[in-house]
Amino acid sequence: MRENNGAETVDVVIVGGGSAGAVLANRLSADPERTVLLVEGGPAYTPDEYPAVLRDPARVGGDEHDWGLTATIDDTGRVIPTPRGKVLGGSSAVNAAVALRARADDFEKWAAHGVTGWSFEEVLETYRALENTTDGDPRLRGRTGPFPIRQRTRAELTPSLRAFIDASAAQGLARIDDPNGTQQNGVTPYPLNVVNEVRQNTGLVYLSDEVRRRRNLTIRGRTTVDRVLFDGTAATGIVTLDGQVLRAGEVILSAGTYGSAGILMRSGIGPATDLGRYGIEVVSDLPVGRRLQDHPFYYNIYTLKPDANAMSPAAGAIVWTRSSEAVGDELDLHISATHLADPSISPTGGAIVLATAVTQPDSIGSVALRSRDPKDGLAIDLNFLAEPRDRRRMLEGVQLSRRIGREAAMAAVVDSELTPGPGIRDDTALEQVIRQQLDTYQHPTSTAPMGAENDPWAVVDSVGNVRGMSRLRVVDASIMPRALSTAPNVTTIMLAEHIARTSLL
Ligand SMILES: Cc1cc2nc3c(=O)[nH]c(=O)nc-3n(C[C@H](O)[C@H](O)[C@H](O)COP(=O)(O)OP(=O)(O)OC[C@H]3O[C@@H](n4cnc5c(N)ncnc54)[C@H](O)[C@@H]3O)c2cc1C
């Protein structure tokens with residue numbers, strides 16, 4: 001193994017420059033006395049270099065900027081791709097740029113796992129500080145932070161997206177103009193981190209040219225990390241895929257829900273029985289990867305009439321509401337309306353996708369190693385709809401989506417229903433089609449969850465320190481104690497800002 005390429009030991013090494021890692025690299029290197037090394041598996045484009053596929057918010061998935069992971073979706077064994085951004089900016093560079101905060105109810109559920117410091121009142125200031133937006137109540141919304149969020153207006157939407165809003169209102173859903181304000185239960189145009197039709201990823205906005213000029217910050221792209229090195233239970237550095245050793249005073253894993261879980265397990269932190277299978281020496285027997293959550297996603301697609309088939313801007317509008325089984329104040333259903341579809345699927349050249357998600361799933365999935373070799377990827381089991389309550393809520397969501405699709409406002413723009421299709425009428429047939437065509441909303445979390453010491457599922461404490469270890473943290477979507485009731489990007493950014501502000505600086 002080659003050590004540090006001859007360089008000095010850094011104070012902090014951050015592994016992964018995605019939604020969380022780019023934030024940390026910025027905040028930690030603001031102190032010129034602290035040396036920070038950010039190691040990213042994908043290319044570290046300068047702000048000017050990001051290619052069109054990453055700038056264009058209508059192109060979701062990032063093409064070659066992907067880790068190529070796959071997952072088993074449920075007990076049928078069907079395998080689907082699970083895209084994860086492989087580039088500076090991470091999944092924030094390839095995502096749909098929907099910028100919705102989590103709700104007070106989400107943070108109350110975190111508190112039930114014994115985490116402290118994460119009440120809505122405590123995180124609100126961090127949400128405000130991270131964003132700059134021109135809209136909304138200034139007591140709730142931020143004006144001067146690094147991350148731009150723009151609320152789409154009805155006037156900016158395509159005719160069919162406007163029809164979706166009207167049809168949802170006709171189904172009794174409230175019209176909302178700022179879902180990042182006080183009210184979420186209803187229908188609204190999307191807030192997006194898109195400015196001048198450019199997706200604002202964290203590599204772009206948190207790692208500006210000015211930040212990158214800091215002499216105490218080094219960014220290494222195209223460097224995949226294999227594992228963490230230890231002296232006893234203290235992290236001392238990392239080992240890259242090609243065997244280089246990079247020493248550091250503290251190691252922070254921000255490689256994402258799958259990436260961080262993989263690195264932890266290859267480093268000997270994970271379920272002892274699994275690690276033993278691959279001959280990995282156990283450093284700490286912790287339930288890494290055992291509480292994966294993600295949002296199941298079903299696409300109810302309509303072809304559009306030729307005179308209403310505009311598909312740009314692709315995003316969008318959303319119904320965020322509660323199923324008949326929702327508990328307390330929770331909102332457990334999304335119906336996301338977009339034109340994120342290949343127009344060639346429609347004979348009229350236009351389509352609208354109403355995608356239902358159960359956003360407070362009971363089902364728990366898992367992530368495990370396939371082998372000791374990082375190149376072999378991971379065994380991901382989403383275990384979607386395993387719990388009957390998730391199946392019932394998914395069915396209810398799709399039924400609502402189809403009622404919206406049949407409303408007069410939609411009839412004015414819709415040519416026909418493409419999926420599940422008019423032939424699918426009864427619930428049994430609908431449930432079957434949902435199973436066959438189910439996908440992921442791409443919101444995996446909770447493979448290294450925060451929790452109190454007596455929480456048997458917890459891998460890290462309330463500020464990301466790995467239990468029983470020193471100088472090793474995980475800070476990314478993997479540490480959320482459970483799935484959010486919404487899309488997780490802004491909350492992942494908030495989480496990194498919050499941990500930086502409350503315990504790292
Ligand atoms: C296609 C898609 C669409 C989505 N749409 C939305 C949306 O519209 N709104 C929303 O809120 N959320 C959306 N999400 C989810 C959201 O983007 C993620 O939840 C969020 O980006 C997760 O942030 P993170 O920091 O945990 O991980 P990431 O942003 O994925 O960052 C992890 C980083 O670590 C790097 N890395 C991983 N492994 C290694 C390794 N071994 N060595 C070195 N580097 C490594 C990766 O390359 C990446 O840069 C979407 C996600 C995807 C993939």
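I'd like the distance separating the alpha-carbon centroids of the stretch 365-401 and the stretch 215-232, in whole Å.
The stretch 365-401 and the stretch 215-232 have Cα centres separated by 30 Å.
On C-alpha positions alone, give me the angle between the axis of helix 388-406 and the longest principal axis of the chain, in degrees, nearest 10.
Computed tilt is about 50 degrees.
Quick one: of the DSSP bridges fully inside the chain, what percent are antiparallel, nearest 5?
Counting DSSP beta bridges with both partners in the chain, the antiparallel share is about 65 percent.
List the lysines whose Cα lies under 24 Å from the Cα of K375, skipping any in the same chain that are fewer than 8 positions away.
Qualifying lysines at Cα under 24 Å: K86.
Rg (Å, one decimal) plus Dmax (Å, integer) for the alpha carbons of the stretch 403-451?
Rg, Dmax (Cα atoms, Å): 16.6, 50.
Report the convex hull volume per residue for the stretch 398-505, counting only C-alpha atoms, in Å³.
155
Can you give the alpha-carbon Rg of the stretch 238-346 over 2.2 N^0.38 Å, where N counts its residues?
1.71
Please state, as a whole number in µm²/s, the translational diffusion coefficient that the Stokes-Einstein equation yields for the stretch 18-77 at 25 °C and 0.890 mPa s, with Rh defined as the Kirkwood radius across alpha carbon pairs.
Answer, rounded: 167 µm²/s.
With just the Cα atoms of the stretch 1-119, tell me how far they stretch along each of the three principal axes, in Å, largest first.
51, 39, 33
Round to the nearest 10 and give me the degree value, 0 to 90, for the angle of helix 120-130's Cα axis relative to the longest principal axis of the chain.
For 120-130 against the chain, the angle is about 90 degrees.
Tell me which residues come under 5 Å, amide H to amide H, from V414 once H is placed; ignore anything under 5 positions away on its chain.
K305
Which lysines, on any chain, are close to K109 with Cα under 23 Å apart, when same-chain ones fewer than 8 places away are left out?
List returned: none.
Determine the relative contact order of the chain: mean sequence separation of Cα pairs under 8 Å and six or more apart, normalised by residue count, in whole percent.
21 percent.
Given the convex hull of the Cα atoms of the stretch 169-314, what is a quarter of its surface area in nm²?
Projected over every direction and averaged, the Cα hull of the stretch 169-314 covers 15.6 nm².
Could I have the simple spin-label model distance between T273 and R154, label points 7 Å from Cα toward Cβ, reported in nm to one decimal?
Result: 5.6 nm between the two label points.
Normalised by the empirical 2.2 N^0.38 Å for globular proteins, what value does the Cα Rg of the stretch 280-430 take?
1.29
So how long is each side of the stretch 346-391 along the principal axes, counting just the alpha-carbon atoms, biggest first, in Å?
Principal extents (largest minus smallest coordinate, Cα): 49, 31, 13 Å.
Among rounded, prolate and oblate, which fits the stretch 59-105 when a ≥ b ≥ c are the square roots of the eigenvalues of its C-alpha gyration tensor, a/c under 1.5 means rounded, and a/b larger than b/c means prolate?
The shape class here is oblate.
Rounded to the nearest angstrom and ordered from largest down, what semi-axes does the equivalent ellipsoid of the stretch 101-150 get from its C-alpha gyration tensor (root of 5λ)?
Working through the eigenvalues yields semi-axes of 24, 10, 8 Å.
Take the alpha-carbon centre of the stretch 74-145, take the same for the stretch 262-335, and report the distance between them in whole Å.
Comparing the Cα centres of the stretch 74-145 and the stretch 262-335, I get a distance of 13 Å.
Using only the alpha carbon atoms of the stretch 46-196, find the Kirkwood hydrodynamic radius as the inverse mean reciprocal pair distance, in angstroms to one decimal.
About 18.0 Å, per the Kirkwood formula over Cα pairs.
So what are the three principal axis dimensions of the stretch 359-431 from its Cα atoms, in whole Å, longest to shortest?
56, 27, 21
Show that you can apply the helix-only estimate: for the chain, add -39,500 (n - 2.57) for every DSSP H stretch of four or more residues, divide by all residues, and state [θ] at 222 nm to the nearest 500.
One gets -6500 deg cm²/dmol as the mean residue ellipticity at 222 nm.
If you fit an axis through the alpha-carbon atoms of helix 427-437 and take the longest principal axis of the Cα set of the chain, what angle between them do you get, 0 to 90°, nearest 10?
40
If you average 1/r across every pair of different Cα atoms in the chain and take the reciprocal, what Kirkwood value do you get, in Å?
22.9
Rule-based calculations on the coordinates, nothing more; no lab input. Everything quoted here is computed from the prediction, not taken from an experiment. Cβ atoms come from the backbone with ideal geometry, glycine included; neighbour counts cover every protein chain shown.
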